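The values are calculated or read from the model by the stated rules, or taken from the named source; none is laboratory data. This structure is a prediction, so every number in the text was calculated from the model and none was measured. So basically every Cβ, Gly included, is an ideal-geometry build from the backbone, and we count neighbours across all protein chains shown. Side chains included, ligands, DNA and RNA excluded: accessible areas come from the protein's heavy atoms. Shrake-Rupley method; radii C 1.70, N 1.55, O 1.52, S 1.80 Å.
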Amino acid sequence: MGILQHFAECKSLVDYLKTLSNHVVDDLFGYPAACLAIFRELPKLAQNYVLRILYVEQAIPQAVISTWVSKAHVKEHSEAAEAISTLRVWKEVTMQGGLAGWMLDHKFRHNLKVALLGGGKQWTKSTNLDQDSKPRTVKDLDLYALERWEAMLHFLTEKQQKSDTVSKDTIMTLTHAGLMEQDENNAPSITNEGFQFLLLDTASQVWYFIVKYLETVEQRGLSTAECLAFLFSLSFATLGRDYGTEGFEDNMQQFMQHLREFGLIYQRTRKAGRFYPTRLALNLASRNNKISLDTEKHKTGFIVVETNYRLYAYTDSDLQLALVGMFTDFLFRFPNLVVGVITRDSIRQALRSGISAEQIISFLKMHAHYEMIKTAHINNPLPPTVVDQIRLWEMERNRLTFTDSVLYNQFLSHRDYEVVRDYAQETGVLLHGSDQKRTIVVKGSGHDDVKRFWKRHSKNSS
Amino acid sequence: MEVESNLLIVVIDVNPAQKYVRSDSKQFFNCVDSVLTFCNAHLMLQASNKACVIASHINQSHILYPIEEREGVTLKPIRQVDGQYEVFLELEKSVRSQIKKFVMSDAFTSFDSTRSADSSGNFTTCLASALGKALCYINRKERELTAGEKLNSRILVVSGSSESTAQYMSFMNVFFSAQKLGVIIDACVLGPYATLLSQGADITGGIYLRPPHIPGLLQYLLWVFLPEASLRKQLALPPPVPVDYRAACFCHRQLIDMGYVCSVCLSSK
């Protein structure tokens with residue numbers, strides 16, 4: 001279940017920033033785009049606080065801020081204050097007269113104002129960029145991004161890897177992220193985590209992949225903060241508009257080549273002098289971000305699930321079929337449609353390979369067909385019976401729980417048995433006791449204690 | 001699964017007859033600056049937030065932002081000139097340039113001369129029609145939603161004109177349709193007490209506020225009007241002003257304390 005934990009750790013930007021060292025975060029505050037992204041991640045109440053004190057250049061007593069919310073919502077207040085403090089957006093200071101106060105980080109304050117009101121420098125030198133002779137439309141960019149991203153996912157799923165479709169850097173990142181590992185033939189092959197990765201939605205995949213990639217950039221001689229700031233700037237760019245590459249140093253040019261490989265930006269040639277951000281890069285850090293790369297061949301919403309456990313997948317993409325096939329038995333295949341059925345066996349097979357029921361359900365939800373979303377309840381387009389049954393099948397596997405324990409048996413008398421059993425019960429370590437067989441099972445942690453008691457008891461009685 | 005977004009429509013009064021504009025015209029630009037920053041702050045909260053700015057003038061109202069793309073007209077893309085986020089820059093530039101047009105135009109400058117006064121004698125702002133436009137805009141945006149999307153809309157009116165009771169009927173129509181659509185109407189009044197707007201805010205569940213200090217407008221906007229409806233419940237906001245619920249007489253357009261209601265058409269006399 002590795003990826004679930006890893007994924008939870010860096011699921012949101014806030015959690016990711018917590019894993020970074022102080023100086024990286026401090027560097028990030030130097031970029032307006034990064035400040036904007038961090039601001040967007042704050043809880044709503046916290047955003048309100050920050051905006052209210054954005055123009056106050058001095059510390060504010062904590063007591064004053066706490067009066068900004070009504071009495072009934074003290075809990076929300078402390079949560080918001082906590083969220084701001086953990087990101088070090090404000091610092092605790094002692095004011096005159098010993099009052100505890102908060103003061104916004106001056107770098108953050110300055111750069112958030114730059115993002116909001118202007119000033120400072122632009123992040124690309126594209127003001128004087130002339131018209132692109134062959135401009136790319138949004139549709140072109142979507143196609144390109146999808147093609148690049150699918151190439152990577154394909155590479156993950158393929159049995160016989162042809163390493164010409166993706167670059168060495170991509171493979172390196174995939175291996176670093178634990179999505180692939182070297183098998184005995186020294187060829188990369190997919191891991192359990194890799195399968196779980198495939199079931200995530202595209203936005204989460206991109207974010208996870210980029211986070212893992214960023215972990216490796218230091219080795220390549222790039223600064224994490226600089227790369228992150230570039231990504232944030234990129235994520236606030238406008239789709240379908242070109243930006244100039246002029247003025248970027250060599251190491252950032254190299255970073256851009258990597259992003260180009262992953263499909264986050266489009267460049268016609270390496271020396272084109274301009275690049276376009278794609279949909280994959282937009283709102284990268286946003287929590288409830290949904291990327292829909294809809295093209296004619298590839299639809300995001302393509303699955304219909306019926307209450308009779310039948311599943312219809314309107315697609316002919318091999319990748320999507322491979323994903324659906326992980327937990328479905330296929331019955332028929334037509335040019336644009338595949339009919340399958342969800343059975344206990346097919347689900348159990350998926351569960352055995354480390355996929356959780358929640359992941360299957362979220363995958364189905366994510367790819368639910370437009371018609372299903374329209375007719376059913378908005379937050380739950382799937383038939384409830386199927387969802388419940390998938391959960392039940394998962395729970396079936398969790399009927400046994402394992403505890404370290406010690407068995408006591410062959411008591412000489414029923415009296416001895418009772419004394420030990422009562423003692424174990426009192427100290428709360430008794431797991432099982434059978435009067436007929438005179439056996440007791442206690443937790444491993446309580447074994448020493450019970451043993452001592454028994455020695456003392458037998459000494460006293462003899 | 002559900003994607004929520006907030007649409008904020010700001011109706012800004014650009015009528016030069018407003019009292020605070022007449023006393024010091026610089027204040028008007030200060031007020032525009034504050035409103036622009038406020039709109040950008042709204043866009044800053046969430047990536048999915050949307051904003052729209054409508055200018056309300058004598059006998060006309062115009063949508064200043066977003067600029068609709070018309071066929072055949074290609075807009076020149078606005079490039080970043082400094083560290084400001086592109087979307088913010090776009091909003092600011094388009095609103096500023098169009099307000100400039102208003103200021104330069106005849107209707108604005110000729111106010112002091114007697115020329116326009118005699119033509120109609122009407123200096124009141126078309127707030128009701130601007131609000132109507134805002135509601136139409138909201139309605140259109142709601143229709144454009146795809147399944148699984150939700151739009152929370154609200155309207156903020158920033159105005160300093162003394163309202164005319166001549167628009168009483170249109171105001172009431174707007175308020176009740178807003179209530180039906182679930183749209184909140186907030187009023188930030190920079191002039192004397194506005195009876196109708198305070199009624200509208202009360203009907204739709206919005207906030208009516210008269211900032212005592214106009215140069216500090218931005219701080220009031222950020223504090224009171226920026227939080228969305230769900231967040232407002234948690235905040236300690238200024239207490240609501242008692243609402244004057246007097247109706248306007250249908251024949252003379254004056255607010256009356258006591259009147260007669262026609263049992264057939266419900267008009268008051």
* How do the helices (runs of 4 or more DSSP H) wholly within the stretch A:46-149 filter down when requiring 1 or more residues that are closer than 30 Å to A:Q253 by Cβ: which remain? -> A:106-117
* Residue list for the stretch A:25-39, filter: touching a helix residue (DSSP H, G or I) at 6+ places or on another chain (Cβ under 7 Å) and open to solvent by 10 Å² or more (accessible area, probe 1.4 Å) -> A:D27, A:G30, A:Y31, A:P32, A:A33
* Asked: Taking the stretch B:197-227 on its own, how many of its residues are more than 13 Å from A:L51 (Cβ to Cβ) and open to solvent by less than 40 Å² (accessible area, probe 1.4 Å)?
  -> 15
* Quick check, is A:E41 among the charged types (D, E, K, R) and more than 7 Å from chain B (Cβ to nearest Cβ)? -> yes
* To do: Select from the stretch A:50-67 the residues that are surrounded by fewer than 17 Cβ atoms within 10 Å (Cβ to Cβ) and touching a His at 6+ places or on another chain (Cβ under 9 Å) and list them in ascending order.
  => A:E57, A:S66
* Quickly run through the stretch A:24-59 and pick out the residues that are within 27 Å of the chain's Cα centre (by Cα) and within 19 Å of B:A236 (Cβ to Cβ). => A:P43, A:K44, A:L45, A:A46, A:Q47, A:N48, A:V50
* **Filter result (free of Cβ contacts under 8 Å to residues at least 24 places away in the same chain and either part of a loop (DSSP other than H, G, I, E, B) or out of contact with any strand residue (DSSP E or B) (no Cβ under 6 Å at 6 or more places or on another chain) (or both)) within the stretch A:322-344** => A:G325, A:T328, A:R333, A:F334, A:P335, A:N336
* **Where a residue in the stretch A:450-461 is open to solvent by 50 Å² or more (accessible area, probe 1.4 Å) and its partner, wherever it lies, is not in a helix (DSSP H, G or I), with Cβ under 7 Å and at least six apart** => none
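Conditions (1) away from every other protein chain (no Cβ under 14 Å); (2) surrounded by 21 or more Cβ atoms within 10 Å (Cβ to Cβ); (3) within 33 Å of the chain's Cα centre (by Cα), marked per residue:
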| residue | (1), (2), (3) |
| --- | --- |
| A:A81 | no, no, yes |
| A:K91 | yes, no, yes |
| A:G97 | yes, no, no |
| A:D105 | yes, no, yes |
| A:A115 | no, yes, yes |
| A:G118 | no, no, yes |
| A:D130 | no, no, no |
* Asked: Which is away from chain A (no Cβ under 14 Å) and at pLDDT below 90, of B:S164, B:S230?
  -> B:S164
* Being open to solvent by 80 Å² or more (accessible area, probe 1.4 Å) and touching a residue at least 60 places away in the same chain (Cβ under 8 Å) is the filter; apply it to the stretch A:356-396 and report the residue that is farthest from the other protein chains (Cβ to nearest Cβ). => A:E371
* To do: Find all pairs meeting these conditions: Cβ atoms under 7 angstrom apart; at least six residues apart or on different chains; first residue within the stretch B:80-96 and more than 8 Å from chain A (Cβ to nearest Cβ); second residue at pLDDT below 80.
  => B:E90/B:I78; B:K93/B:I78
